[in-house]
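The structure appears right after this line, and notes come after that.
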Amino acid sequence: MYRMLDKIQTPEDVKKLNSEALIELAADVRAFLIESVSKTGGHLASNLGVVELTIALFYCLDLPRDGIVWDVGHQSYVHKLLTGRRAGFDTLRKLGGLSGFPKCSESVYDCFNTGHSSTAISAAFGMTKAAALKGEETRFVAVVGDGALTGGMAFEALNDAGTYQKNFIVVLNDNEMSIAKNVGGLSKYLTKLRTRPLYNSFKSGLERSIRHIPYIGENTVLGLKKVKDAVRHLLTSTTVFEDLGFTYLGPIDGHDLPFLCRVIQQAKKINGPVLIHAVTTKGKGYSFAEASPTHFHGIGAFEVETGMASQGYDSYATVMGKKLSMLAEGDETICAVTAAMPDGTGLRRFMEHYPERFFDVGIAEQHALTFSAGLSKQGLTPVVAIYSTFLQRAYDQVLHDVCLQKLRLVLCVDRAGVVGEDGETHQGLYDIAYLLHMPNMTLLAPANFSELEEMLSYAVKDHRGPIAIRYPRGNMQENYIGARPFVLGQSDWVCHGGMVCLMAAGHMLQTAMVVKKFLETSHITATVLNLRSLQPLDQDAIREAAKTHSVLVTIEDGIAHGGVGERIASLVHDMPVRVLIKAHRNGIVPQGTCSELYAKCGLDAKTITEEILDIINGEKQHEKT
């Protein structure tokens, strides 16, 4: 079915192909990806955009002696496909299957695990320096997107690598996108580089003319670096990359496979750091993805012929966005801040209704928090919506710039807890533990959409100081109506029972209610307490539960160490009650569906019920003896 792709088992097979065969291979890879991802879901648009770039790198490098570090890594499907993992693509992002990101344990060709943005240059440069110290002839190339360059860490690495006296290659994959459309001064700067008509027309014309000279044409084109640099200095200013110490090659067409190969080969000969600026199209070759690259960045299963995915549904993110827009209508101090994810965090509605109060700061979570602290300092009410796993990158800013000053700021911690198929780098398991110990921080966890709306309304209208609301991906919720409206520091008694009290944080109330039903089949009635407020805790309710029950079970979708369960256990340590803490014992949770992962981690209703029954039966046996 795929004439050229069928011949590829290792990178060595790619190096054997001529230009025409490489182009045919690119077409096969693109067709395979569209067909495969349509069944499994995954990151499609970003991978379609790097097909030629990946093939060119494979052709020019000696893998696995050399290595490619993919920034973020969601564009590594082509890399995986060409390194012998084609047969595993039907397991992509499934439990025990092929990871959606580079994974050293998966293949010798994956030289560094990635999952968060802006790390590749640092990692590749560190590996390059290590190889040099060991006297190894090994080359590590960093492939970084233009969106990832907005992360400060990328520029820290460029600044350091710019003084290196040996060859080091960075490939800038410039598709004018991160997940959403790129914003900010750097995006405008790269656009300016892409559209320098005088320089580009002169360069391309010179190259075409020289190539027609027999025998010497191609070598002359690749050897004209000094002439080209002189022309650039005459016609344009230098690039920021050159000012940092890099030899800048570009911008070049990232889909012109033969020319990409020539440029990479030339870059390998330069003694010093080199930046290749390749301009690509996100979603290249699939019309629906090209027309809507944000939608096809990360997508579920879809129909290839129509590009249509399964019917959408309301999620915590969309509910948050709708409610925030309603609240902003009556309060002009409310602002919304995102780090390059207006769609994923549900803020597009706010962006469209209140563009002057909406701030997309790019992939720059640290800047997002301190920028928002500045907004707060001047009397505004910033609402910062960031995925839990990405908020980790702004730990110091939350602590130092927000909490220590007790600034009024609302953190909407999206995709908190297990998120599923994106795997260990994207699970939001740490936010409870690191937010609970911050001074002046308030932490809330809604069990359903209506509680999220209540909590958000309280946060922007009434609360003074930093406050975080954590909620999961999608629509996981327990659709109960609370006995009383949300009040800070108060839990909600969902139902009353006998010897067991189930204390649930956020959407884990859904699990607690199933556990309650399972226990009833063993003739055990359980009390269910919806914690709601994780900081401050409802100490009165917790101690009351400890007095009237023999077993307390805390259930949270976060790591156990430093979590709310440990706090509750500490609170009742002097009372005659058993405490079972149900949380993630190991913060490394693999990919899979959420239900599979909860079962694997012992956070499913069946496992929790069995552990409770073991405790109860153990106590009964103890009483008999």
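Here is how the numbers come out for the structure above:
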{"quantity": "Output for segment 439-476, where each listed residue is open to solvent by 10 Å² or more (accessible area, probe 1.4 Å) and without any contact (Cβ under 8 Å) to a residue 60 or more places away in the chain", "calculated": "Pro439, Asn440, Ser450, Glu454, Tyr458, Asp462, His463, Arg464"}
{"quantity": "Flag for Gln265 being modelled with pLDDT of 95 or more and either outside any strand (DSSP E or B) or closer than 21 Å to Gly73 by Cα (or both)", "calculated": "yes"}
{"quantity": "Any chance Ile581 is open to solvent by 20 Å² or more (accessible area, probe 1.4 Å), more than 25 Å from Tyr458 (Cα to Cα) and either touching a Lys or Arg at 6+ places or on another chain (Cβ under 7 Å) or at pLDDT below 95 (or both)", "calculated": "no"}
{"quantity": "Matching residues, segment 584-600, being in contact with a helix residue (DSSP H, G or I) (Cβ under 9 Å, 6 or more places away or on another chain), surrounded by 19 or more Cβ atoms within 10 Å (Cβ to Cβ) and not polar (S, T, N, Q)", "calculated": "Val589, Gly592, Tyr598"}
{"quantity": "Of all residues making up segment 504-525, the number that are closer than 17 Å to Ala583 by Cβ and of a type in the set (Asp, Glu)", "calculated": "0"}
{"quantity": "Scan of segment 395-415 for residues that are surrounded by fewer than 24 Cβ atoms within 10 Å (Cβ to Cβ) and in a helix (DSSP H, G or I), ordered by number", "calculated": "Tyr395, Asp396, Gln397, Leu399, His400, Asp401, Cys403"}
{"quantity": "In segment 567-578, residue nearest to Ile555 (Cα to Cα) [restricted to those that are surrounded by 15 or more Cβ atoms within 10 Å (Cβ to Cβ) and of a type in the set (D, E, K, R)]", "calculated": "Arg567"}
{"quantity": "Lone qualifier among Thr370, Thr345, Thr318 - being closer than 28 Å to Gly506 by Cβ and touching a residue at least 40 places away in the same chain (Cβ under 8 Å)", "calculated": "Thr345"}
{"quantity": "Residue in segment 85-102 that is in contact with an Asp or Glu (Cβ under 8 Å, 6 or more places away or on another chain), within 15 Å of Phe140 (Cα to Cα), open to solvent by 30 Å² or more (accessible area, probe 1.4 Å) and without any contact (Cβ under 8 Å) to a residue 40 or more places away in the chain present", "calculated": "no"}
{"quantity": "Residue that is surrounded by the fewest Cβ atoms within 10 Å (Cβ to Cβ), among those in segment 498-508 that are outside any helix (DSSP H, G or I) and not aliphatic (A, V, I, L, M)", "calculated": "Gly498"}
{"quantity": "Qualifying residues in segment 42-64 (those that are touching a residue at least 60 places away in the same chain (Cβ under 8 Å) and in contact with a Phe, Trp or Tyr (Cβ under 8 Å, 6 or more places away or on another chain)) - the one nearest to Glu137 (Cα to Cα)", "calculated": "Leu48"}
{"quantity": "Test: residue in segment 366-373 that is more than 21 Å from Ala416 (Cα to Cα), open to solvent by less than 40 Å² (accessible area, probe 1.4 Å) and hydrophobic (A, V, I, L, M, F, W, C)", "calculated": "yes"}
{"quantity": "Some residue of segment 50-61 being surrounded by 20 or more Cβ atoms within 10 Å (Cβ to Cβ), under 16 Å from Asp422 (Cβ atoms) and in contact with a strand residue (DSSP E or B) (Cβ under 8 Å, 6 or more places away or on another chain)", "calculated": "no"}
{"quantity": "Filter result (open to solvent by less than 20 Å² (accessible area, probe 1.4 Å) and either touching a Cys at 6+ places or on another chain (Cβ under 8 Å) or closer than 21 Å to Ala157 by Cβ (or both)) within segment 252-273", "calculated": "Cys261, Ile264, Ala267, Gly272, Pro273"}
{"quantity": "Residue list for segment 118-165, restricted to those being on the phi > 0 side of the Ramachandran plot and open to solvent by less than 30 Å² (accessible area, probe 1.4 Å)", "calculated": "Ser118"}
{"quantity": "Of residues in segment 7-26 being open to solvent by less than 60 Å² (accessible area, probe 1.4 Å) and under 32 Å from the mean Cα position of the chain (by Cα), the one nearest to Gly84 (Cα to Cα)", "calculated": "Thr10"}
{"quantity": "Some residue of segment 509-522 being modelled with pLDDT of 95 or more, assigned to a loop (DSSP other than H, G, I, E, B), in contact with a Leu (Cβ under 9 Å, 6 or more places away or on another chain) and open to solvent by less than 40 Å² (accessible area, probe 1.4 Å)", "calculated": "no"}
{"quantity": "Top-ranked residue in segment 358-408 [being of a type in the set (S, T, N, Q) and in contact with a strand residue (DSSP E or B) (Cβ under 7 Å, 6 or more places away or on another chain); ranked as nearest to Ile432 (Cα to Cα)]", "calculated": "Ser388"}
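To keep it simple, each residue is scored yes or no on (1) out of contact with any helix residue (DSSP H, G or I) (no Cβ under 7 Å at 6 or more places or on another chain); (2) at pLDDT 95 or above; (3) surrounded by 16 or more Cβ atoms within 10 Å (Cβ to Cβ).
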position	(1), (2), (3)
Gln535	no, yes, yes
Asp538	yes, yes, yes
His549	yes, yes, yes
Asp557	no, yes, yes
Gly565	yes, yes, yes
Ile616	yes, no, yes
Glu623	yes, no, no
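Quick grid of which residues meet (1) surrounded by 23 or more Cβ atoms within 10 Å (Cβ to Cβ); (2) touching a residue at least 60 places away in the same chain (Cβ under 8 Å):
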| residue | (1), (2) |
| --- | --- |
| Ala301 | no, yes |
| Leu327 | no, yes |
| Phe358 | no, no |
| Ala385 | yes, yes |
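The values are calculated or read from the model by the stated rules, or taken from the named source; none is laboratory data. From a predicted model like this one, the values you see are computed outputs, not experimental measurements. Every residue, glycine as well, gets a Cβ built from its backbone with ideal geometry; the counts of neighbours run over all protein chains shown. In case anyone asks, the SASA skips ligands and DNA or RNA and just uses the protein heavy atoms, side chains included. Shrake-Rupley method; radii C 1.70, N 1.55, O 1.52, S 1.80 Å.
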